[in-house]
Each structure stands twice: as structure tokens, then as C-alpha cells.
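Right, one structure below, let's go through it.
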Amino acid sequence: EKLQNLEVDTKKLDSSSDKKDHRMYNQMQDLINKYVELSKQDPESEPSWQCLSKSGETKIYRKEEEKDGVLLDYLVATTSVQGVTAAEMAEVFHNGKLKLEWDHTIEADKKLETLDELCSVYHQILKRVWPTAQRDIVYASHKQKLEKPGEHPSWIVCNVSCDHPSVPEGTSGYTRATIEVVLFCQTVCDKTDPTRKDVSCRIVYSASVNPGGWAPSAAVRAVSQREYPKFLKKISAFAVDHVKKNAIEF
Ligand code: 18C
């Protein structure tokens, strides 16, 4: 399946946030550019991407990468969710209060800092995967609207590891993992006065996770293969249910 039609004018990226001066802002813009470019690639035709699973609208690909013995696989998943718009899907993924409803990998989650209304820093403790040490992550989560003239806007959320003085690495008692996770959402709708039945959301989800510490690659890949499809099913079902009684938001 071609992903080319997700093209967005990256020069006209932001219109939703008026405050653009927090310390993660420029890094987030670089990430957005990188992932908008990546979403135009067709993993099907790239020999370095291996298809992990196909089930209905959901396709999951992995590019295996190891650097100096550290596993740095890239994962990309595409799916489509009926009855939900890009704005609504991005909000479900980004909203710190909703995360525990769909992210089954979280044991505990705490907001450390609000950088602006669209960007916050979190400390998250993950469920333990036996027999390795329990992991935690500290990351900034940034949401942004991507305007495209004549179309409903796309939305993107970037969750990227950062340092935070309240939980320096090595002080939490957990093994620190690092992440670069991006959810790119595009509304599909060709009606002028749409009902819920007339909208859907195309998703490109990309994840690059460095588990940190000791974790055998084969075990990490097995955990990934099990957990990403489960996550996509859970967040999709949650989003459909969460928005069904609300007015449609673009
Ligand atoms: O995108 C997701 N959630 C976001 C919002 O909460 C969040 C991203 C989180 C990615 C977390 C990765 C942390 C890795 C380490 C812990 C793994 C715990 C798995 C627990 C299973 C019960 O910004 C949803 C992500 C959903 C899928 C995550 C799968 C991660 C797989 C990586 C494997 C790492 C294995 C670690 C050691 C295991 C060795 C046997």
C-alpha cells in the first residue's frame, strides 16, 4: 500500500500553538519533518523493511538495526480507524489522563512538567518483562496540527526521551529505556456534512525503542511482536468508544 498520499507541506507545519519557545520545541520540529518524510515511504517496496504482521487494515513492519551490540530496531505500523478523525486520535494518544485506559504496558505514570499546552514531560514505569530488569522512560510528548490547504488537517504526536532533573538516569531504581515514538494521523472524509460513519483516521505509527541495560535481542523482538499489535487494537477500540457520543472534531 502506498503511503505517498500522506504528503504534507512541511513548510506550513504549525498553526495550532502560539507559544513556540519551550526547550524541546526545535527538536520536535526536526522530528516532525523526519517522520512526515518517513511516512511517504512504502515499506512494502523497501527490502530493508520486514513485514511482521498483516491483519485487516493493520500492517506492521520492522527494520532491524543493531549498533555496537545495542538493539535499535525501527518499527512502523499503518492502520485505519473508522469513526474517528485525526484530531481525535491524536488527542487520545497525547492526553495524559487517557493513556492508562489504552496503554497496557504502563505500571505507573506521572506528569513531571508542562512545557506548554501541547507539550508535557512524563515519567513512566513499564510493566516488568521477566527475567529482565523493570524499565522506566522519561519523555516529552508533543502534539501538533499539520495544515494542508483544502483538506482536513493532519495531526502528529511525538514522544521522545529527554532528561529531567527530577528523575536523573540511574536514580529511579529502574533500567532507563529511551524512545522515539511518533503517531501521524490523517483524516479520510469526502462528505461536506459528515456523520461519524463518514470519517476515518489513517495512522502511521513509528517506534524506535532502545531498551537500555541487558536485554537479549531475540527476547526484545519477541516482546515487540506481541505488544505493538495489542497496543494498536487497544487504542483503536478505545478511541472509537471515547468519541462516539461527541461532535466530530477536525
Ligand atoms: O506508544 C505507546 N505508548 C506511548 C504512550 O504511553 C509511549 C511509548 C512507550 C514505549 C515504551 C517502550 C519501553 C520499553 C521497555 C519496556 C517494555 C515493557 C513491555 C511490557 C509488556 C507488558 O510513549 C505504546 C507502546 C506499546 C508497545 C510497546 C512495546 C515495547 C517493546 C520494546 C521491548 C523492550 C523489552 C525490554 C526488555 C524485555 C526483554 C525480554
Practice prompt. Please enumerate the residues belonging to region 119-151 that are touching a Gly at 6+ places or on another chain (Cβ under 7 Å) and part of a strand (DSSP E or B).
Written response: Ser120, Tyr122, Arg135
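So is His123 more than 8 Å from the ligand (Cβ to nearest atom) and under 21 Å from Leu38 (Cα atoms) or not? Break it down into steps so the answer makes sense when it comes.
Working: more than 8 Å from the ligand (Cβ to nearest atom): yes; under 21 Å from Leu38 (Cα atoms): no.
No.
Take Asp109 and tell me if it is modelled with pLDDT of 95 or more, acidic (Asp, Glu) and farther than 22 Å from Ile235 by Cα.
Details: modelled with pLDDT of 95 or more: yes; acidic (Asp, Glu): yes; farther than 22 Å from Ile235 by Cα: no.
In short, no.
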Worksheet entry | Hits in region 168-198 - residues which are out of contact with any Lys or Arg (no Cβ under 9 Å at 6 or more places or on another chain), part of a loop (DSSP other than H, G, I, E, B) and either more than 22 Å from Val240 (Cα to Cα) or in contact (Cβ under 8 Å) with a residue 60 or more places away in the chain (or both) | Pro168, Thr171, Ser172, Gly173, Cys189
Discussion item. If Thr132 satisfies all but one of (1) more than 18 Å from the chain's Cα centre (by Cα); (2) surrounded by fewer than 15 Cβ atoms within 10 Å (Cβ to Cβ); (3) near the ligand (Cβ under 8 Å from one of its atoms), what's the number of the condition it fails?
Written reply: (2)
Discussion item. Quick check on region 199-247: of everything there that is of a type in the set (Val, Ile, Thr) and assigned to a strand (DSSP E or B), which residue is surrounded by the fewest Cβ atoms within 10 Å (Cβ to Cβ)?
Written reply: Val209
Worksheet item: For region 165-180, what are the residues that are crowded, with 20+ Cβ neighbours inside 10 Å and under 10 Å from the mean Cα position of the chain (by Cα)?
Response: none
Item to complete: Confirm whether Pro211 is under 30 Å from His22 (Cα atoms) and away from the ligand (no atom under 13 Å from the Cβ).
Response: no
Response to the item:
Residue pairs qualifying under the 6 Å Cβ cut-off, at least six apart or on distinct chains, with the first in region 63-77 being basic (Lys, Arg) and the second being loosely packed, with under 12 Cβ neighbours inside 10 Å, are Lys63/Ser48
Worksheet item: List, please: which pairs have Cβ atoms under 7 Å, are six or more places apart or on different chains, and start with a residue in region 221-247 that is at negative phi and more than 9 Å from the ligand (Cβ to nearest atom) and end with one that is assigned to a helix (DSSP H, G or I) and basic (Lys, Arg)?
Response: Lys244/Arg196
Response to the item:
Within region 64-86, the count of residues that are out of contact with any Cys (no Cβ under 8 Å at 6 or more places or on another chain) and modelled with pLDDT of 90 or more comes to 8
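The values are calculated or read from the model by the stated rules, or taken from the named source; none is laboratory data. Predicted model only: the values in this text are computed from it and were never measured. Glycine gets a Cβ as well: all are built from the backbone with ideal geometry, and neighbour counts include every protein chain shown.
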